[in-house]
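Each remark here refers to the structure printed beneath this line.
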Amino acid sequence: MELTFVSEESFRINYGKEFSLEKYHQLLYIRDQLLNIDAITEAVVGYTTLTVYFNPFRLTYNEVRKVVVPYLTQQTGNQPNGNVIKIPVCYEGEFAPDIQVVADYHAIDTNEVIRLHSERNYQVLFLGFAPGFPFLSEVDSKIATPRKNNPRREVHRGSVGIAGKQTGIYPSPSPGGWQIIGRTPVHLLPMKENQPTLVQPGDFIQFYPISQQEFFNLHEFEHK
């Protein structure tokens, strides 16, 4: 790992160019330790980086090095204890315009796509692309599917998609080229004062299938 200063009030820890869950968990561990320091104001984890913001009036560059450097060589074999958030997904009809594309790409049926997508837990790696958009850990290789050649001008809020080996959820309407295999009625951007987003890096998401009627019932409940 390498420590570089980005500005007078921020620095970045780089952990090579290749992503692995082991490296990612190490960065999460460092993030959690540094956030216990009052002078640290924010820590943003990426695939292989951790960008940390601090109060320069309370922490000098030399003090930053003294605090951070020990963590660069300290290994932790523990997996982070993120929250487990269960997300209902309707994989049917208009909510899943590309599920047949994914099925055909792998010569399987749509029920198998649903089973493979919803049977594993996904870790939230980071939020990006759009506010609150969670990039999740890899899907089963049997449903990994390339992005669309021609992106849609607008993807509905709550759409669940696959792009290559990754899966994610669109928290708001936006253009996008992911293969849309379902939609959730859950709002990922509650915008509460102490919780602007439903999920955070390090959390885990469990998808589970629901019917269209269940979707409409939950959607109505979410928007009361």
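The values are calculated or read from the model by the stated rules, or taken from the named source; none is laboratory data. Note that the coordinates shown come from a computational prediction; the quantities given were computed from them, not determined experimentally. Ideal geometry is used to build each Cβ from the backbone, glycine not excepted, and the neighbour counts take in all protein chains shown.
Of the residues Val101, Val124, Val139, Val89, the single one that is within 23 Å of Gln33 (Cα to Cα) and either in the same structural domain as Asn217 (by TED's automatic domain parsing) or modelled with pLDDT of 95 or more (or both) is Val124. Among the residues of segment 151-188, those that are more than 16 Å from the chain's Cα centre (by Cα) and more than 21 Å from Ile114 (Cβ to Cβ) comprise Pro151, Arg152, Arg153, Glu154, Pro173, Ser174, Pro175, Gly177.
Quick check, is Gly132 modelled with pLDDT under 95 and either within 24 Å of Gln213 (Cα to Cα) or among the small types (Gly, Ala, Ser) (or both)? Spelling it out, Gly132 is indeed modelled with pLDDT under 95 and either within 24 Å of Gln213 (Cα to Cα) or among the small types (Gly, Ala, Ser) (or both).
Residues that are more than 25 Å from Asn81 (Cβ to Cβ), at least 3 per element: which strands (runs of 3 or more DSSP E) completely within segment 128-224 meet that?
Because the criterion is at least 3 residues that are more than 25 Å from Asn81 (Cβ to Cβ), the strands (runs of 3 or more DSSP E) in segment 128-224 that meet it are 152-155, 159-163, 174-176, 179-183.
Scanning segment 20-29 for residues that are surrounded by fewer than 16 Cβ atoms within 10 Å (Cβ to Cβ), in contact (Cβ under 8 Å) with a residue 12 or more places away in the chain and within 21 Å of Phe129 (Cβ to Cβ) turns up at least one hit. In this structure, Pro146 does satisfy being assigned by TED's automatic domain parsing to the domain that holds Ile114, modelled with pLDDT of 95 or more and surrounded by fewer than 16 Cβ atoms within 10 Å (Cβ to Cβ). For Pro88, indicate whether it is touching a Pro at 6+ places or on another chain (Cβ under 8 Å) and not charged (D, E, K, R). It is true that Pro88 is touching a Pro at 6+ places or on another chain (Cβ under 8 Å) and not charged (D, E, K, R). Going by the structure shown, is Phe95 hydrophobic (A, V, I, L, M, F, W, C) and modelled with pLDDT under 95? For Phe95, the condition - hydrophobic (A, V, I, L, M, F, W, C) and modelled with pLDDT under 95 - is not met. Looking only at residues of segment 43-72 that are in contact (Cβ under 8 Å) with a residue 24 or more places away in the chain and of a type in the set (Ser, Thr, Tyr), we find that the one that is farthest from Phe11 (Cα to Cα) is Tyr47. Restricting attention to segment 2-19, the residues that are surrounded by 17 or more Cβ atoms within 10 Å (Cβ to Cβ) and at positive phi add up to 0.
Out of curiosity, is Ile143 within 28 Å of Leu50 (Cα to Cα) and in contact (Cβ under 8 Å) with a residue 40 or more places away in the chain? Working first, answer last.
Numbers: within 28 Å of Leu50 (Cα to Cα): no; in contact (Cβ under 8 Å) with a residue 40 or more places away in the chain: yes.
The answer is no for Ile143.
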